[in-house]
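Asks: What follows is a single structure, and I will ask about it in a moment.
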Amino acid sequence: MRYLALVLLALYAAPGTLQAQTMIPSLDEPGRKGDLARAAKQRSATQFDATDEDKDGRLSRTEVAKHSRYLTDNFDKLDANKDGYLSWEEFLGHNRWPK
């Protein structure tokens, strides 16, 4: 019990020492992971641009309905700010890859 208290105290005292882990690779990561990230970003950008028919940089429910069953079915969950549109970040589900 004393050991647990010391561990919790150490974690509380140094919150910056723990870093959040992510499964999304960085675009500037070297090697295979970076190659896969860059290819996935390119595919995602192509799909986003094809779906964005009016080229306003966001996807409306109408645009999404014409192109993707998955996005249509999950539009309300993906629209994090509830503005009725999917931004690039909402479309991706993360903000690690700038448009």
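Asks: I'd like to check something: does the range 75-87 contain any residue that is over 17 Å from the mean Cα position of the chain (by Cα), loosely packed, with under 14 Cβ neighbours inside 10 Å, among the small types (Gly, Ala, Ser) and more than 17 Å from Ile24 (Cβ to Cβ)? It would help to see each step written out before you state the result.
Replies: So the first thing to find is which residues in the range 75-87 are over 17 Å from the mean Cα position of the chain (by Cα), and the list is 83-84.
Checking the rest, the ones that are also loosely packed, with under 14 Cβ neighbours inside 10 Å come to 83-84.
Now restrict to residues that are among the small types (Gly, Ala, Ser): 84.
Now restrict to residues that are more than 17 Å from Ile24 (Cβ to Cβ): 84.
Yes, the range 75-87 contains a residue that is over 17 Å from the mean Cα position of the chain (by Cα), loosely packed, with under 14 Cβ neighbours inside 10 Å, among the small types (Gly, Ala, Ser) and more than 17 Å from Ile24 (Cβ to Cβ).
Asks: Continuing with this model, one more query. Give the range 1-53 a look and list any residue that's assigned to a loop (DSSP other than H, G, I, E, B), among the aliphatic types (A, V, I, L, M) and modelled with pLDDT of 90 or more, or say none.
Replies: At the first step, the residues of the range 1-53 found to be assigned to a loop (DSSP other than H, G, I, E, B) are 1, 14, 18-30, 52-53.
Right, trim to among the aliphatic types (A, V, I, L, M) and you get 1, 14, 18, 20, 23-24, 27.
Within the range 1-53, no residue meets the criteria.
Asks: List every residue pair whose Cβ atoms sit under 6 Å apart, with the two residues 6 or more apart in sequence or on different chains, where the first one lies in the range 63-84 and is at negative phi and acidic (Asp, Glu) and the second, anywhere, is surrounded by fewer than 16 Cβ atoms within 10 Å (Cβ to Cβ) and assigned to a loop (DSSP other than H, G, I, E, B).
Replies: Going by the 6 Å Cβ cut-off, the qualifying pairs are Glu63/Glu53.
The values are calculated or read from the model by the stated rules, or taken from the named source; none is laboratory data. Computed from a prediction, not measured in an experiment: that's the story for all the values here. All Cβ positions, even for glycine, are placed from backbone atoms using ideal geometry, and neighbour counts span all protein chains on display.
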